[in-house]
Each structure stands twice: as structure tokens, then as C-alpha cells.
Amino acid sequence: MSISEQLIDIQEVADTFGKSVESIRKYKNFGIIRVSDKRGNKDLFDRSEIMAIRGRLRELRLKGLSLAQIADQLDVARAEEMGQSPAAPAAPGSAPVVEEGKQLKILVVDDESEVRSSLREFLEGQDYEICEAGDGEEALAKTFLEKPHLLLLDLRLPKLDGYQICQTLKGNPITSGIPIIMVTALNSTPNKVKGIEYGADDYVDKPFDLQELAARIKMVTRRLGIGV
């Protein structure tokens, strides 16, 4: 089977599962299914992985598990298949724990690739592990897939804005403990207040000073006891 035949789009995944495309997007956002490649704005999925998950997902749904619980069960199964020890899940609402010897992982969410690139370069120099997302849906998917310890979240994003992302993550017991620092040019007081009301842990205005941003990251993680 060629690479092009191995990769399928979200409509083909929906047909395989017998679900709507919207349902499959939810599966993707929770990390139940994982994007294998992208072509432009089009997500592509590995056909063999989708087929392997299909039966297992049906069994887990019959048990009455939530999507977050299913995602955790699949993470455990994937780790075991790779011969790895699955990480112990954090208690609901608790701050994420940085394993000994591991770097603190930050998810940088911004629709401008130049901003993501500059933040990656700077923060990797500060000894952080960096993953990126360029839109709201990808941000949710990466949060469940990558399990970052902190988000740097822009507000003005395609598909889902920063407020929606913040509200979704803070409203889910699996992700509610992950600190979120909003980084945006929408620096008026009402926008800041709204961000805090949606659960943001801190707020940094664009254009920002990188050293100030680093200090705020340390302040938030220290306050929540992450990595200390």
C-alpha cells in the first residue's frame, strides 16, 4: 500500500467509524485518534491505526466511559504496545507533574508561524520542551496528545479562539490543572478580565519582552508547584 493510500482524511475516518465528521473532530481533540500528517489545512490519519482503534473504541464506549477516560485508556494501551510504562494520570484538577529528569513541556499556541518559531527558539534555550499549535482545534488535540505542563495561548486563532480553548480545558477535570498564560495583542482591560474569568492563570501583552515572559512562566509554575 502506498503512502497516499495509507493516509485517509477525516471523512474517510467518519465513514470507517460510522460517525459524523463532528464526532470524529471530538475524538481528535481528545487525542483518541491522532493526526499523522497534514496537507495544507487538511488533517490526515493513518488507516491501519484507525482500523486498530475502531474495535477497541467500541468496547470502551459500551463501558460508559467519557471521551477523556477513553483517551487515557488508549494512551495506556499505546504505551504498553511500545514497551513503555504508561505515566500515572494526574488527579482531576491537579497541576501536572514534571517527571524527574524530564523537561517542563510548553504548548505554544499562535496562528503566526514566526511567533511560534521565535518562542520555540527562546524557550528551548531556557531548557523547556516545546510543542506547537497553529489553530484552536489543533491546540485542543495537542493538549490531550502531548500532555503539556503549561500553555502559552494566543486569543485570536482560527477555528476556536483562545477563550473557547481556555473554557474547554479548564472545564475538563483531566486538563483543568494545566496553567494557561494568555499571550495576545488584545490588551484592553475587558479582554484581560474575560480571559481570567475563563480560567487563565496569567496574561502577557503583545509585543512582549521575552525575559518578562520567562519570568511569568517561572512565577506561574512555582505558584502551582510544577517542576519544583
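The values are calculated or read from the model by the stated rules, or taken from the named source; none is laboratory data. A quick note: this is a predicted structure, and the numbers were derived from the prediction, not measured. When we count neighbours, we look across all protein chains shown, and the Cβ atoms used for this are built from the backbone with ideal geometry, even at glycine.
Condition check for residue 160 on (1) loosely packed, with under 14 Cβ neighbours inside 10 Å; (2) part of a loop (DSSP other than H, G, I, E, B): one failure, at (1). Where strands (runs of 3 or more DSSP E) fall wholly inside region 12-119, the ranges with 2 or more residues that are at pLDDT 90 or above are 42-46, 105-109. Out of curiosity, is residue 132 in contact with a helix residue (DSSP H, G or I) (Cβ under 8 Å, 6 or more places away or on another chain), closer than 30 Å to residue 23 by Cβ, crowded, with 18+ Cβ neighbours inside 10 Å and not β-branched (Val, Ile, Thr)? Here the answer is yes, as residue 132 does meet what is asked.
Filter region 176-185 for residues that are part of a loop (DSSP other than H, G, I, E, B) and in contact (Cβ under 8 Å) with a residue 60 or more places away in the chain; which is surrounded by the fewest Cβ atoms within 10 Å (Cβ to Cβ)? Per the criteria, the residue is 176.
For the condition surrounded by fewer than 20 Cβ atoms within 10 Å (Cβ to Cβ), part of a strand (DSSP E or B) and in contact with a strand residue (DSSP E or B) (Cβ under 6 Å, 6 or more places away or on another chain), what is the one hit in 220, 204? Step through it out loud before you land on a result.
Values: 220 fails: part of a strand (DSSP E or B).
Selected residue: 204, the only one of 220, 204 that is surrounded by fewer than 20 Cβ atoms within 10 Å (Cβ to Cβ), part of a strand (DSSP E or B) and in contact with a strand residue (DSSP E or B) (Cβ under 6 Å, 6 or more places away or on another chain).
Checking the conditions here, which among 107, 65 is surrounded by fewer than 16 Cβ atoms within 10 Å (Cβ to Cβ) and within 26 Å of residue 176 (Cα to Cα)? Of 107, 65, the one residue that is surrounded by fewer than 16 Cβ atoms within 10 Å (Cβ to Cβ) and within 26 Å of residue 176 (Cα to Cα) is 65.
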